[in-house]
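> There's a structure below that I have some questions on.
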Amino acid sequence: MNQETTRLRQEKRVEKEQDDLFQKGSNAAQNFSSMSNISALSEVGHHLSVIVPSLNEASRLPLLLADLQRWPTPLDLWIVDAGSCDDTELAAQLTGAHVLRVANPNRGAQLSHGACHAKGTWLMFLHADSRLPPQWPAVVEAVITQSAGELNAWFFDYKIQGKGTKLRLMELAVALRSHWLQRPYGDQGLLISKRLYQHIGGYKPIPLMEDLDLVQRLSCQVKLLSLGLPLYTDGRRLQRLGLLNQAWQNAQLRRRWRRGEAAKQLSKDYYQ
């Protein structure tokens with residue numbers, strides 16, 4: 001009975017700390033335009049590194065880079081390119097981002113390579129076709145300035161650009177998976193302290209399932225918590241292949257990976 005009482009008290013204390021953290025982020029977002037908030041953000045600007053893998057994303061990457069410009073101090077921004085034949089690298093360089101190159105498309109290797117070069121005490125991983133909401137700097141600042149923030153890993157809420165009931169149902173399914181099963185994937189971004197990232201072993205240099213591999217290791221040791229912010233993803237592949245077909249294909253790939261099939265073969269099947 002005493003053990004159960006102690007456990008319940010600990011859970012309530014953790015919930016209160018998380019509520020306080022999210023309330024701080026909400027308050028900061030509401031006052032984002034004030035000079036006092038800009039000053040607070042400036043104090044932590046050098047702590048944040050952003051890593052983005054890319055391959056022929058010249059049409060989408062500039063939109064994400066524009067979103068990232070809302071951070072009030074220069075970001076430690078790394079674009080890790082896998083051999084783009086369009087203007088992806090030029091778009092990155094025009095915003096002052098560091099550009100790294102890998103020989104072949106391999107998202108796990110790209111993320112790992114970028115993290116190795118990142119100088120911040122916090123790392124934020126994003127896909128090149130993602131879009132951030134206007135209030136993201138205030139909420140991220142609320143997390144990385146809290147000592148309790150680095151005890152967990154953080155993700156965005158998955159949102160698909162486009163209209164339709166099927167898209168909203170897919171978003172709901174992803175939300176349930178992320179919150180209840182602790183399985184947010186790469187298109188939801190990841191905010192994590194460098195210390196925790198290194199402790200867990202970071203991304204493995206595999207071309208597919210690098211996100212699932214990492215969150216499985218993370219969820220064994222820490223909680224993965226929502227930032228309470230949407231991260232909008234491009235629905236091009238979903239529209240091209242069909243929502244149900246894509247969901248089925250992804251589920252089958254995850255199943256094959258859990259059975260031990262090589263990530264290289266899974267990647268080949270996914271991108272064919």
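> Taking residue 255, is it surrounded by fewer than 13 Cβ atoms within 10 Å (Cβ to Cβ), part of a helix (DSSP H, G or I) and either at pLDDT below 85 or in contact with a His (Cβ under 9 Å, 6 or more places away or on another chain) (or both)?
no
> Next question, about the same structure. If residue 79 satisfies every condition in (1) over 25 Å from residue 161 (Cα atoms); (2) in contact with a helix residue (DSSP H, G or I) (Cβ under 6 Å, 6 or more places away or on another chain); (3) not acidic (Asp, Glu) but one, which is the exception?
Only one criterion in (1) over 25 Å from residue 161 (Cα atoms); (2) in contact with a helix residue (DSSP H, G or I) (Cβ under 6 Å, 6 or more places away or on another chain); (3) not acidic (Asp, Glu) is unmet by residue 79, namely (1).
> Oh, and also: Can you work out which of the residues in the stretch 108-167 that are charged (D, E, K, R) and touching a Ser or Thr at 6+ places or on another chain (Cβ under 9 Å) is farthest from residue 197 (Cα to Cα)?
159
> If you take just the strands (runs of 3 or more DSSP E) that sit entirely in the stretch 59-167, which of them hold at least 1 residues that are under 18 Å from residue 229 (Cα atoms) and either polar (S, T, N, Q) or within 14 Å of the chain's Cα centre (by Cα) (or both)?
122-125, 153-160
> Go through the residues of the stretch 185-202 one by one and say whether even a single one is at pLDDT below 95, of a type in the set (Phe, Trp, Tyr) and within 19 Å of the chain's Cα centre (by Cα).
yes
> Given the options 197, 270, name the one that is aromatic (Phe, Trp, Tyr) and more than 20 Å from residue 56 (Cα to Cα).
That would be 197, the only listed residue that is aromatic (Phe, Trp, Tyr) and more than 20 Å from residue 56 (Cα to Cα).
> Can residue 32 be described as under 19 Å from the mean Cα position of the chain (by Cα), outside any strand (DSSP E or B) and modelled with pLDDT under 55?
When the stated conditions are applied, residue 32 does not pass them.
> Given the condition closer than 22 Å to residue 105 by Cβ and part of a helix (DSSP H, G or I), answer yes or no: does some residue in the stretch 192-209 qualify?
No: the stretch 192-209 contains no residue that is closer than 22 Å to residue 105 by Cβ and part of a helix (DSSP H, G or I).
> OK, next. Can we say residue 73 is over 24 Å from residue 263 (Cβ atoms), in contact with a helix residue (DSSP H, G or I) (Cβ under 8 Å, 6 or more places away or on another chain) and hydroxyl-bearing (Ser, Thr, Tyr)?
So residue 73 fits the description; yes.
> Sort out which residues of the stretch 210-237 are outside any helix (DSSP H, G or I), free of Cβ contacts under 8 Å to residues at least 60 places away in the same chain and in contact with a helix residue (DSSP H, G or I) (Cβ under 8 Å, 6 or more places away or on another chain), and write them in order of number.
Passing the criteria: only 221.
> Any idea which residue in the stretch 35-76 is nearest to residue 91 (Cα to Cα), counting only those that are β-branched (Val, Ile, Thr) and at pLDDT 50 or above?
Checking each candidate, the answer is 52.
The values are calculated or read from the model by the stated rules, or taken from the named source; none is laboratory data. Just so we're clear, the structure is a prediction, and the values are computed from it rather than from any experiment. Every residue, glycine among them, receives a Cβ derived from its backbone with ideal geometry; neighbour counts consider all protein chains shown.
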